Amino acid sequence: MHYKLLTPGPLTTTMTVKKAMLTDQCTWDQDYKEITQEIRRRLLSLAGVSEKEYTTILMQGSGSFGVEAVLSSMITPEDHLLICTNGAYGQRIATMCQRHGIVHTVYKVPENKIPKAEAVQKLLNDYPSISAIAMVHSETTSGILNELDEISALAKANDLLFIVDAMSSFGGIPMDISELKIDFLISSSNKCIQGVPGFSFVIGKKIELEKRKGYAKTLSLDLYDQYQVMEKDGKWRFTSPTHTVLAFLQALKELELEGGIEQRYLRYLTNNHLLQQKMSELGYETFIQNHQGPFITSFLYPKDRPFDFNNFYHHLKHNGFVIYPGKISDHDCFRIGNIGEIYPEDIHRLAEIVEKYSEVAYVS
Ligand SMILES: Cc1ncc(COP(=O)(O)O)c(C=O)c1O
């Protein structure tokens, strides 16, 4: 049975993306290395940055491997990293820093609020040694979309390294990476580009990469080494996820055919608004009241009727949709993603199925 995944990724991909994986590739082969180079070029063009200023580094593993590669290779012993967090993925950055002995300070806000520039400014005043800021753009824990502009302006004004985990947003929302002075942006193959899982990618500023050569704390996640080897001719240092790479190139071509990031963003936004509207009509409230992002939405368990998440999940799955459990620390929620090969007609169908579930629950 093929399910529609209403999740934050891995997500529903097109048949053509799946079919692109039906070829075996040799990692030493010139054709394959050229595919890697084409992906790297396409990502830069998608990001709207110049090849002179930025580069793309692909890294085996899931999104977390990309984040950890940046932190463990690019933060030097002289650095002090400020981590802005309002969810599990911001917290994961802090955990990575603890593991690697990276000097850091955590600025934590509740999961339904966004980090504010005034508070960041105060922390910069309190800790003059802060030399870098890391934050998550779309905090998938809740679906909140953090604002980058004002914090980026502080990073610029104070000449701080700026690291953005854009895992669940890159490719699905316009953003001006160069203007935001993002030094390292991380995302992965199975999010808004709509590929399958297997690698993460880092869009990084060349000058910052060069400055931080030789600081990596691990071999396999050494971002600089990976960059150097890949830059030569498209070779990955270690075995790469060849089928995922083929699927990703196809996914990039399909993103272009859709009309690029702008059009994809509009589709996601339409899906998301429809989802919220339909769910609200059925009595499901969103956890996020302000700054809800267009990718994934957390819904509170309804209080006015019996609700059992497992039961609900299986009802939806039985009818062809897979959703996600909640991840909010102190509220019972479930999450519905609307990224991937999902269209308004899917949301309408989901709403009909949810409506039937509510009726059953009311009766029982
Ligand atoms: C914002 C964000 N950061 C990091 C990650 C971690 O990615 P992965 O689970 O692919 O390691 C995710 C995963 O959904 C995410 O949404």
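Since every read-out is calculated from the coordinates, none of them should be taken as a lab result. The structure displayed is predicted, hence computed values, not measured ones. When we count neighbours, we look across all protein chains shown, and the Cβ atoms used for this are built from the backbone with ideal geometry, even at glycine.
Points to keep in mind about this one:
- Among residues other than GLU38 with Cβ under 11 Å from its Cβ, the summed charge is +3 (Lys and Arg +1, Asp and Glu -1).
- When only Cα pairs below 8 angstrom with a gap of at least 6 residues are kept, the chain shows a relative contact order of 25 percent.
- Max mean-square fluctuation residue, GNM over the chain, Cα-Cα springs under 10 Å, options GLY101, GLY90, GLY337: GLY101
- Once exposed loop chymotrypsin sites (Phe, Trp or Tyr not before Pro) are cut out (DSSP; at most 16 other Cβ, 10 Å), longest piece of the chain: 29-237
- For the chain, the longest principal axis of the C-alpha atoms and the axis of helix 63-74 are separated by about 30°.
- Among MET167, MET15, MET96, the residue with the largest mean-square fluctuation in a Gaussian network model of the chain, with springs joining Cα atoms closer than 10 Å, is MET15.
- Under 5 Å between amide hydrogens, built in the peptide plane, is the criterion, and for ILE75 it picks out nothing among residues at least 5 positions away or on other chains.
- For segment 63-190, averaging the sequence separation of C-alpha pairs within contact (under 8 Å, six or more residues apart) and dividing by the residue count gives a relative contact order of 26 percent.
- The relative contact order of segment 26-241, computed from alpha carbon pairs under 8 Å that lie at least 6 residues apart in sequence, is 30 percent.
- Using alpha-carbon coordinates, inclination of helix 309-318 to the longest axis of the chain, degrees: 90
- Distance from the alpha carbon centroid of segment 152-210 to that of segment 220-252 works out to 17 angstrom.
- Rounded to 0.05, the FRET efficiency of the GLU341 and ARG305 pair, given R0 = 25 Å and the Cβ-Cβ distance, is 0.20.
- Estimated from helices alone, the mean residue ellipticity of the chain at 222 nm is -13500 deg cm²/dmol (sum of -39500 (n - 2.57) over DSSP H runs with n ≥ 4, per residue).
- For the set LYS108/LYS156; LYS4/LYS232; LYS205/LYS232; LYS211/LYS232; LYS113/LYS156; LYS156/LYS206, the pairs lying more than 28 angstrom apart at their alpha carbons are LYS4/LYS232.
- Residues considered: LYS206, LYS232, LYS156. Largest GNM mean-square fluctuation over the chain, using C-alpha springs under 10 Å, is found at LYS232.
- Theoretical FRET efficiency, 1/(1+(r/R0)^6), r = Cβ-Cβ of LEU219 and ASN319, R0 51 Å, to 0.05: 0.60
- Compactness of segment 232-277, taken as the C-alpha radius of gyration over 2.2 N^0.38 Å, stands at 1.69.
- Extension gain, GLN37 to ARG99: 0.36 nm times the residue separation minus the Cα-Cα distance gives 19.1 nm.
- The C-alpha atoms of the chain define a longest principal axis, and helix 30-47 lies at about 70 degrees to it.
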